[in-house]
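So the structure is just underneath, and the comments pick up after that.
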Amino acid sequence: MDAAVVVKDEVVAPEQQRSGAGRSLQPPERRSVKRAEAQEPAAEFADLYQRLAAPFDSTFKDIRGGVELEYITGEQCVSRLNEVLGVAGWSFRILEHGIHAEADEAWVLGELTASFGGALVTRQQFGSQKIKRSRSSGTPLDIGFDLKGAATDALKKCASLLGVGLYLSRKEAPEAANGATNGHAHGQANGVTAAEPERLVCDVCGEELRETRFRDGTVWTPLQLAGYGRRKHSRTLCMTHYREANDARRRAEVTLEEMPF
Ligand SMILES: [Zn+2]
């Protein structure tokens with residue numbers, strides 16, 4: 001433990017000087033372990049925490065089971081840790097991982113260790129991601145990618161325990177405050193636990209879903225398209241196959257209407 005702290009101090013100090021103009025940085029001597037622990041540790045911790053937990057300029061939204069989730073990407077999470085704690089001020093490792101056949105998910109138990117105002121703190125969390133499979137053969141397309149996604153999910157959850165993006169997990173979503181009275185959805189509105197945006201692949205042709213622009217200027221993101229496909233046809237569909245499925249349903253409905261009984 002001591003060795004890790006010393007290494008951290010040696011490595012972090014030059015970086016602090018290099019970017020010393022940044023709001024988040026203090027003179028190197030103030031970050032030394034002894035002083036952080038001996039002098040005003042509360043103030044130091046509060047300041048660090050504020051910077052870790054600060055809101056993000058941009059977030060992403062996804063709809064899961066009809067609930068809008070707000071989340072940050074793995075990149076945003078890593079950048080926040082790097083900027084606030086320093087590149088040498090934190091580390092993440094995978095303690096366990098596996099593939100859960102029934103859930104068809106890759107899962108990871110991750111551990112984040114951070115030098116928090118001189119004290120080393122450790123947090124552990126699980127992360128998961130659905131396995132992406134070839135539509136035709138059912139073979140996993142890229143297990144490494146699935147495990148990486150699960151690891152990123154675990155990292156974001158660990159980091160949220162240190163405040164990063166934690167505000168996104170608040171039960172009361174901003175929209176919910178103005179009028180939505182049946183609060184059935186809020187319990188799941190946990191932005192931090194939302195996995196990395198999935199690589200969305202059409203269940204029919206295996207093509208990755210793309211952004212679609214309509215003549216009237218409307219844009220459907222891949223996530224929206226996937227959401228519509230799942231809701232209407234219980235499948236993830238590219239625009240071509242989404243339209244095909246719509247047409248097929250329309251034909252089926254017409255056929256039904258034309259039936260004499
Ligand atoms: Zn397709």
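The values are calculated or read from the model by the stated rules, or taken from the named source; none is laboratory data. Predicted model, so just to flag it, every value in this text is computed and none were measured. Neighbour counts are summed over all protein chains in view; Cβ atoms, including those assigned to glycine, are modelled from backbone coordinates with ideal geometry.
Within segment 227-257, the only residue that satisfies the criterion of being outside any helix (DSSP H, G or I) and more than 13 Å from the ligand (Cβ to nearest atom) is SER234. Flag: THR212 does not match the condition of being at pLDDT 90 or above and within 14 Å of the ligand (Cβ to nearest atom).
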